Amino acid sequence: MYNDNGKTVELTSIQSITFLLAGLLLNAIGNGLTVATNMGSAPWTAAAANLANVTQLPIDIFLFGFGFIAAVAVIFILHDFDAGRFFRNLAFVFIFSVVIGTTATGFKSIGVGHLHYWPRLILDILGITMIGMGISVTQRLAKFLHPLDDLTNVTRFKYFHGNVVIAQTLNFAIPMTISLLIWLFTHKLVAVNIGTLFSFFCQGFVISRADKLLIPHLVHRKEL
């Protein structure tokens, strides 16, 4: 949906594709930076890494599992099974993991992981900020989303009157709790660092500001 001088109109195909690619590019570059800097993964990735570390199972299993559970949760919340939405969002998990891997490898190849502490921290914060910006764009399009971002988008408008800060923080509270419980029982913790905490406390604010400042005429669809 596009707000044109107070009138809400449908996006053209070119606009939809352009905005979608912009959002995905921001998200991919941001995720690639956070992986390459090794300054703390996003909360869901950190939870998957800790579960993988404890069980010795591949992290991909948990990342896909989280996405699948989120996609099913959206169905229950909306009381509607939209097959296209369900399978598009699951496809996002597979496609985006490849894209993130490629961008992370690219940043590592140019030496991002070997920078001193402060440059890596700055790049990590920049990466998390870019992720929030990318999520903002793709959530407003509501056509092709990671299931966890779709879940945040749905709960944001259904339960929290559009407040993305509350919705995103509650979304991240689940993986943070998983990591905390693993630490309490095993006294081991991986993939959690300053970047993880910044993502937990600030990503909702980043999305909220990007909604207003980044492509401001692109508005959320009313039907989620």
Mind listing whichever residues of the range 145-156 are crowded, with 22+ Cβ neighbours inside 10 Å and either among the basic types (Lys, Arg) or part of a helix (DSSP H, G or I) (or both)? Pro147, Leu148, Asp149, Asp150, Leu151, Thr152, Asn153, Arg156
Given the structure, is Gly65 within 26 Å of Ala173 (Cα to Cα), at pLDDT 85 or above and buried (at least 17 other Cβ atoms within 10 Å of the Cβ)? no
What is the number of the single condition among (1) under 24 Å from Ser109 (Cα atoms); (2) of a type in the set (Phe, Trp, Tyr); (3) modelled with pLDDT of 90 or more that Phe94 does not meet? (3)
Restricting to the range 142-164, name every residue that is in contact with a His (Cβ under 9 Å, 6 or more places away or on another chain) and farther than 18 Å from Gly67 by Cα. Phe157, Gly162
Determine whether the range 112-132 contains at least one residue that is at positive phi, open to solvent by 20 Å² or more (accessible area, probe 1.4 Å) and of a type in the set (Gly, Ala, Ser). no
So which residues in the range 30-43 are under 12 Å from the mean Cα position of the chain (by Cα) and of a type outside the set (S, T, N, Q)? Gly30, Ala42, Pro43
Filtering the range 184-197 down to residues that are surrounded by fewer than 20 Cβ atoms within 10 Å (Cβ to Cβ), part of a helix (DSSP H, G or I) and in contact (Cβ under 8 Å) with a residue 24 or more places away in the chain yields Thr186, Ile194, Leu197
Boolean, His161 is open to solvent by 80 Å² or more (accessible area, probe 1.4 Å) and either modelled with pLDDT under 95 or of a type in the set (Ser, Thr, Tyr) (or both): yes
Name the single residue, out of those in the range 45-61 being open to solvent by less than 70 Å² (accessible area, probe 1.4 Å) and more than 19 Å from Phe185 (Cα to Cα), that is modelled with the highest pLDDT. Thr45
If I ask for residues that are of a type in the set (A, V, I, L, M), under 20 Å from Ser179 (Cβ atoms) and in contact with a Pro (Cβ under 6 Å, 6 or more places away or on another chain), which ones from the range 46-83 would you list? Ala47, Ala70
List the number of the failed condition for Ala142; all other conditions in (1) without any contact (Cβ under 8 Å) to a residue 40 or more places away in the chain; (2) open to solvent by 10 Å² or more (accessible area, probe 1.4 Å) hold. (1)
Unmet requirement for Asp124, which otherwise passes all of (1) of a type in the set (D, E, K, R); (2) more than 18 Å from Leu24 (Cα to Cα); (3) part of a helix (DSSP H, G or I): (2)
Within the set of pairs 6+ apart or on separate chains, which have a first residue in the range 61-86 that is without any contact (Cβ under 8 Å) to a residue 24 or more places away in the chain and more than 14 Å from Ala48 (Cα to Cα), a second that is of a type in the set (D, E, K, R) and surrounded by fewer than 17 Cβ atoms within 10 Å (Cβ to Cβ), and C-beta atoms under 8 Å apart? Ile75/Asp82
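The values are calculated or read from the model by the stated rules, or taken from the named source; none is laboratory data. Only a predicted model underlies this, so the values are computations on that prediction, with no experimental measurement involved. Please note: Cβ atoms are built from the backbone with ideal geometry, for glycine as well, and neighbour counts cover all protein chains shown. The protein model used for the area step is the full one, side chains on, heavy atoms only, and it has no ligands, DNA or RNA in it. Shrake-Rupley method; radii C 1.70, N 1.55, O 1.52, S 1.80 Å.
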